[in-house]
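Below is one structure, written out as C-alpha cells; the observations come after it.
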Amino acid sequence: MTSKTVDFLVLGRGFAGTAVALTLEKANLSYIILADEMADSASAKAVGLVNPVTGRRMAKSWNWDEIITISSAFYEDVYELIFSAPGTFLLPRPIYKALFSTEEMNFLSAKSSENGYGDLLEIFTMEQKPYPAIFKGMKAWTEIKTGGRLDPNFYLQSTKSFFERNGNFRNSSFKIEELIRQKDSWIYLDIEAKHIISCLGMGCPWMNDKMWPNKGQVFEIEGIPNWGNEVLKTDVFLVPTENNKIFMGSTYEREYEHENVDEAGWNEVTKDIAPEWLSKIEVSRSWAGLRPTTKDRRPIIEKIEDNLFSVNGLGTKGASLAPYAAKVLMEKYFNEYVKSQETKPKKLGRWIEFLTKIPMAFVFKIPEIKKVKSHLEIKN
C-alpha cells in the first residue's frame with residue numbers, strides 16, 4: 001500500500017540526482033530522492049574542479065559556453081534557496097598549466113588567438129607568474145581562464161539537509177526487484193511516482209551497456225608551501241584547499257585490477273613532480289572512485305521507456321554538466337507535463353513561479369559579470 005504519491009522518484013544523490021531534484025523543486029513538481037548514503041558515490045569522491053579546456057591539446061570542452069552559463073546560474077540559485085542570501089557554490093579558481101617546451105608554448109600561443117580561445121588561454125613566463133616550479137623541467141605557464149571549483153562535500157551536504165527538511169529524501173538503496181510497473185506510474189515500496197529518473201552512475205541497472213567505469217585516484221598532501229588559491233596542473237592537478245592542504249590527482253584508468261588506491265596511482269600523479277618537492281610531500285589521506293563515462297564524453301539524457309528516464313555518464317565533469325543535463329531533460333521530455341501542472345497550488349518560498357516569472361542570475365565569468373536568464377527557463 002502506498003503512503004506517498006509524487007510526480008517523480010529520483011534515484012541517486014550525486015551531482016546528477018541533486019541537480020535533477022532541485023530542478024523539479026523549482027518547477028513546483030513533487031519528488032522524492034532515493035539514495036544509499038553508505039554506497040560509494042563518484043560525486044562524493046570528486047574534487048569538483050571545473051575546467052573549460054580538456055586534453056593535452058587543450059581543446060575547448062564540449063558546449064562549454066552554454067554549460068558554464070547554465071551551471072553558474074544554477075549554483076547561485078541553489079545557494080540563495082538554501083541560505084537565503086546571495087552567493088554561489090561554484091567559486092572562481094584560476095588554473096595554470098605547466099608548459100615544458102618551446103613547441104608547446106608556440107602551439108598554445110597560436111591557439112589563444114583562435115576564435116573562442118582568446119578569453120580562455122594566456123601564456124606567462126616563470127617570472128611573470130612566480131608560482132613554485134613544482135613540476136620538473138617546466139618553462140612557462142598557461143593560464144586557463146573561467147575555471148572554478150565546487151566543494152562536493154559542502155554542496156552535497158547542504159542540499160541533503162534541504163531535502164531532509166522538506167521531507168524529500170529517503171536514505172535507502174534502490175532494489176530493482178521492488179519496482180512495480182503500473183499503467184501510468186511506478187510503485188516502489190510505499191511510493192507511487194508518475195515518473196522515475198535514474199541518476200545512479202555505474203549502479204544504474206538500465207544504462208550499463210552505454211557507460212564504462214573510469215577509475216580515479218586522489219591524494220590529499222601536505223608538507224609543501226601554500227602558494228595561494230590557484231590550481232596548478234600538468235596531466236594531473238594540484239588544488240589548494242581551505243585547510244592548507246592540497247588535493248593531488250587524478251588518474252584516468254580505463255583498465256584496473258581493483259577499486260582501491262595503489263602505488264601505480266601514486267606514481268602516475270607524481271611523475272611530473274620535481275624531486276626536491278616530492279621529498280617534502282606527506283600524504284594525509286587518499287581515495288579512489290569509479291566515474292561513469294561515455295564513449296563520446298557527453299552526458300546520457302535519455303528516455304528508457306514510458307515514464308522512465310536517465311541522466312548519467314557525466315564522467316570527470318559532473319559539477320559543470322549536471323545542471324545542464326537537468327535542464328535539457330526538462331526541456332526535452334517534460335515541457336507539456338510542467339504546463340499541465342501549472343494549475344496546482346504553488347509552494348510558498350523564495351523561488352519565483354516557474355515559467356511565469358523568470359528570475360535573473362549572474363553568469364560566472366572571470367573577471368566580468370553579466371546578468372543572464374535563469375538556467376531553468378524552459379523553451380516553448
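The values are calculated or read from the model by the stated rules, or taken from the named source; none is laboratory data. Predicted model only: the values in this text are computed from it and were never measured. Here Cβ is always computed from backbone atoms with ideal geometry, including for glycine, and neighbour counts include all displayed protein chains.
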Residue ID - nearest to residue 203 (Cα to Cα), chosen from residues in region 219-260 that are of a type in the set (A, V, I, L, M, F, W, C) and either touching a helix residue (DSSP H, G or I) at 6+ places or on another chain (Cβ under 8 Å) or surrounded by fewer than 19 Cβ atoms within 10 Å (Cβ to Cβ) (or both): 219
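Go through 179, 156, 120, 189 for me and flag whichever is under 29 Å from residue 75 (Cα atoms) and either in the same structural domain as residue 52 (by TED's automatic domain parsing) or at pLDDT 95 or above (or both).
That would be 156, the only listed residue that is under 29 Å from residue 75 (Cα atoms) and either in the same structural domain as residue 52 (by TED's automatic domain parsing) or at pLDDT 95 or above (or both).
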Total residues in region 93-109, condition out of contact with any Ser or Thr (no Cβ under 8 Å at 6 or more places or on another chain) and in a strand (DSSP E or B): 1
Single condition residue 309 does not satisfy, out of (1) modelled with pLDDT under 95; (2) over 18 Å from residue 216 (Cβ atoms); (3) not basic (Lys, Arg): (1)
Options 23, 18, 88; residue that is of a type in the set (S, T, N, Q), in a loop (DSSP other than H, G, I, E, B) and either over 29 Å from residue 200 (Cα atoms) or touching a helix residue (DSSP H, G or I) at 6+ places or on another chain (Cβ under 7 Å) (or both): 88
Strands (runs of 3 or more DSSP E) contained in region 117-203 and holding at least 3 residues surrounded by fewer than 21 Cβ atoms within 10 Å (Cβ to Cβ): 121-125, 179-181, 191-198
